[in-house]
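Here is the structure we will look at.
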Amino acid sequence: NGSVMLITEREAGVFGSHDMVRIIIDEARVRPGYVLCALSHLALRRPLVLRHAYGTSIPHIDAADVPAIPIPRLPKETEDAIADRYEQASFLSAESDALEDCAGAAAESVVRDFETTGSTVDSARLESVKRLFEQASEFPA
């Protein structure tokens with residue numbers, strides 16, 4: 001679907017799709033957050049990426065074509081400010097996902113214990129699960 005994302009430690013070693021193209025950024029030349037901005041930006045993405053795509057119903061791009069995609073360059077300070085925001089957003093998203101996973105696992109544990117024993121769950125444990133969900137939902141979407 002043309003999605004672009006930074007791979008955090010959370011996704012490291014995960015295989016997503018046979019259509020996924022992994023780009024390893026030379027950070028001495030450009031920061032990953034800035035490349036993410038250029039490749040995901042609604043106005044820039046179409047002319048930058050789609051001219052290298054093939055296929056009619058579902059456009060694809062070959063990994064070999066990725067180096068030919070031009071990334072517009074701005075002054076370093078501007079690129080760094082953009083990269084800071086995109087990289088922070090990726091980190092916060094991964095942190096939120098991890099909290100949500102913990103909350104989900106804790107909730108499943110509570111339900112499993114109830115199903116197994118039939119006893120009520122203590123309020124402190126339920127409150128702990130509730131706090132995990134609240135923390136995960138505090139992150140911007």
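Cβ-Cβ contacts under 9 Å between residues 6 or more apart (or on different chains), taken from a first residue in the range 33-56 that is assigned to a strand (DSSP E or B) to a second residue that is surrounded by fewer than 16 Cβ atoms within 10 Å (Cβ to Cβ), are listed as Tyr54/His60; Tyr54/Asp62; Tyr54/Asp65.
Suppose we keep only residues that are closer than 26 Å to Ser96 by Cβ and of a type in the set (S, T, N, Q) within the range 106-135. Which one would you say is modelled with the lowest pLDDT? Result: Gln135.
Taking the options Ile25, Ile58, name whichever one is touching a helix residue (DSSP H, G or I) at 6+ places or on another chain (Cβ under 8 Å) and either β-branched (Val, Ile, Thr) or surrounded by 10 or more Cβ atoms within 10 Å (Cβ to Cβ) (or both).
Sole residue among the options that is touching a helix residue (DSSP H, G or I) at 6+ places or on another chain (Cβ under 8 Å) and either β-branched (Val, Ile, Thr) or surrounded by 10 or more Cβ atoms within 10 Å (Cβ to Cβ) (or both): Ile25.
A residue that is touching an Asp or Glu at 6+ places or on another chain (Cβ under 9 Å), at pLDDT 70 or above and open to solvent by 50 Å² or more (accessible area, probe 1.4 Å) cannot be found anywhere in the range 32-47. If we keep just the residues of the range 104-141 that are touching a helix residue (DSSP H, G or I) at 6+ places or on another chain (Cβ under 7 Å) and among the aromatic types (Phe, Trp, Tyr), which is most open to solvent (accessible area, probe 1.4 Å)? Only one residue tops the list, namely Phe133.
Would you call Ile71 free of Cβ contacts under 8 Å to residues at least 24 places away in the same chain, under 21 Å from the mean Cα position of the chain (by Cα) and not in a helix (DSSP H, G or I)?
Numbers: free of Cβ contacts under 8 Å to residues at least 24 places away in the same chain: no; under 21 Å from the mean Cα position of the chain (by Cα): yes; not in a helix (DSSP H, G or I): yes.
No; evaluated as a whole, the condition is false for this residue.
In the range 77-94, the qualifying residues are those that are of a type in the set (D, E, K, R), more than 16 Å from the chain's Cα centre (by Cα) and farther than 20 Å from Leu48 by Cβ, and the one that is least open to solvent (accessible area, probe 1.4 Å) is Asp80.
The values are calculated or read from the model by the stated rules, or taken from the named source; none is laboratory data. Nothing here was measured: the structure is a model prediction, and the numbers come from that model. Note: ideal-geometry Cβ built from the backbone for every residue, glycine included; neighbour counts use all protein chains shown. Please note that ligands, DNA and RNA were not included when accessible areas were found on the heavy atoms of the full protein model with its side chains. Shrake-Rupley method; radii C 1.70, N 1.55, O 1.52, S 1.80 Å.
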